[in-house]
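The values are calculated or read from the model by the stated rules, or taken from the named source; none is laboratory data. Fair warning: this is a prediction, and the values are worked out from it, not measured in the lab. Quick reminder, even Gly has a Cβ in these numbers, built from the backbone with ideal geometry, and neighbours come from all protein chains shown. Just so you know, the surface numbers come from the protein's heavy atoms only, side chains and all, with ligands and any DNA or RNA stripped out. Shrake-Rupley method; radii C 1.70, N 1.55, O 1.52, S 1.80 Å.
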Amino acid sequence: MAAYDLIVIGGGLVGGAIAWGAARLGASVALLDEGDVAHRAARGNFGLVWVQTKGAGMPPYAHWTRRSAELWPELQHAMTERTGVDVALRQPGGLMFCLSDEELESRAEQARRMHNESGGIGTRVLDRAEVRALVPMVGDRVVGATFCPLDGHANPLKLLRALHHALAGAGGAYLPNRTVTAITPQAPGFVVQAGGERLTGAKLVIAAGLGSRDLAPMVGLAMPVSPLRGQIVVTERLRPFLDHATHVIRQTEEGGVMMGDSHEEVGFDNGTLVPVLRDIAARNLAVFPHLRDASVVRVWGALRVMTPDGHPIYQQSERHPGAFAATCHSGVTLAGAHALALAPAILAGALPESLAPFSAARFHVQPA
Ligand SMILES: Cc1cc2nc3c(=O)[nH]c(=O)nc-3n(C[C@H](O)[C@H](O)[C@H](O)COP(=O)(O)OP(=O)(O)OC[C@H]3O[C@@H](n4cnc5c(N)ncnc54)[C@H](O)[C@@H]3O)c2cc1C
């Protein structure tokens, strides 16, 4: 039976970042993944490193997000150095375009509220002329925007690939097609059943996205996550016109334009719907009229991994110490913190006090 210091269940962006973060510190790590049959948020996401609106009403989440954005350049550097994969991080700041004075006032109010709750992240309100100075192609309907200098974007597929490569480079094992069906706590450690294989780990992280709900009770944890669909529209490659991140549109390093941000409660259906895609395109055409001539080359739907309040869950099992829960719906944004701050804490066997507010106890759910 293979024995590891740490077994991470779930090879998406959350599990991948934690597994690499632990392996780089010298731990022997196995990353067990269901493989290509799985619902994988990591394969269908938008690629933002987004700080501007994260943690409204929950300062610890705002602080954690900010920390991750600040750690991102170190993560990017490590990925390039260790794997040769450039994950295409750009952090020129992020814009939220507004199409009416009311919308701009409401965004400005949100920025003020977040500043008062969580401290400054440098968010500023820009008028039309200031927006145009940054992004000359915006249309006349844009009245202004909020701008946060910490926002950015990256290539999420390259990040996933780089994390898996870096894990292997640090001596860890990425084991696909290993659907975990049972976890048995044994003192000390855990026995994990994956297909016909049994592995033991001194510590264990459940980071299995939407699969976490069923696995968590096996080690006295609760991870009440559910799917929330987002659809994405991608155009042909265009000349560079948008370097900044925005929450609904971004131009990739290759020139394709991604548009998205629908939020649909449709269970495990990851399909697409023309009326939703049309709304996504219409909103972005109002901001960038020149896109009317661009061809759409791809659309998809993917399922976010949502907790009841939208904030992450990080927790160590009280009943079975050494077993940890980790999930969020911002796996790109939080990759820096997961790899460089959360993984070392898990290896050390205790989460810092600053992560206590992320316990699932806030939902008043009883672990089975
Ligand atoms: C449309 C959309 C847009 C998004 N945009 C952004 C964005 O701009 N910025 C951002 O930060 N985040 C974004 N996200 C969220 C981001 O993609 C997720 O936070 C991240 O991918 C979650 O990663 P994960 O590892 O928790 O889950 P997943 O990527 O879903 O990975 C979970 C993994 O667990 C494995 N698994 C499940 N059950 C088992 C089992 N029993 N045994 C073994 N393995 C198992 C699966 O194989 C899967 O690979 C977006 C998501 C969507 C859907």
Which ones in region 211-259 are touching a strand residue (DSSP E or B) at 6+ places or on another chain (Cβ under 8 Å) and at positive phi? Gly220
For region 236-256, enumerate the residues that are assigned to a strand (DSSP E or B) and farther than 30 Å from Ser226 by Cβ. Gln251
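Residue-by-condition table, conditions (1) assigned to a loop (DSSP other than H, G, I, E, B); (2) without any contact (Cβ under 8 Å) to a residue 40 or more places away in the chain:
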site: Val125; (1), (2): no, yes
site: Val138; (1), (2): yes, no
site: Phe147; (1), (2): no, no
site: Arg161; (1), (2): no, no
site: Leu167; (1), (2): no, no
site: Ala187; (1), (2): yes, yes
site: Val192; (1), (2): no, no
site: Leu199; (1), (2): no, no
Examine region 165-185 for a residue that is out of contact with any helix residue (DSSP H, G or I) (no Cβ under 9 Å at 6 or more places or on another chain), under 15 Å from Gly322 (Cβ atoms) and more than 10 Å from the ligand (Cβ to nearest atom), and state whether such a residue exists. no
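Could you identify the single residue in Gly35, Gly26 that is open to solvent by less than 10 Å² (accessible area, probe 1.4 Å), small (Gly, Ala, Ser) and assigned to a loop (DSSP other than H, G, I, E, B)? Steps first, please.
Details: Gly26 fails: open to solvent by less than 10 Å² (accessible area, probe 1.4 Å).
Of Gly35, Gly26, the one residue that is open to solvent by less than 10 Å² (accessible area, probe 1.4 Å), small (Gly, Ala, Ser) and assigned to a loop (DSSP other than H, G, I, E, B) is Gly35.
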Which listed residue is open to solvent by 50 Å² or more (accessible area, probe 1.4 Å) and farther than 18 Å from Ala23 by Cβ, from Arg132, Arg178, Arg161: Arg132
Filter the strands (runs of 3 or more DSSP E) completely within region 258-368 down to those with at least 3 residues that are open to solvent by 50 Å² or more (accessible area, probe 1.4 Å) and of a type in the set (Val, Ile, Thr). 296-306
Just the residues that are near the ligand (Cβ under 9 Å from one of its atoms), within 30 Å of Arg250 (Cβ to Cβ) and not polar (S, T, N, Q), please, taken from region 215-239. Val225, Pro227, Leu228, Arg229, Gly230, Ile232
Test: Val85 is more than 23 Å from His329 (Cα to Cα) and touching a Lys or Arg at 6+ places or on another chain (Cβ under 7 Å): yes
Candidate set: region 186-214, residues that are aliphatic (A, V, I, L, M) and more than 14 Å from the ligand (Cβ to nearest atom); chosen: the one least open to solvent (accessible area, probe 1.4 Å): Val191
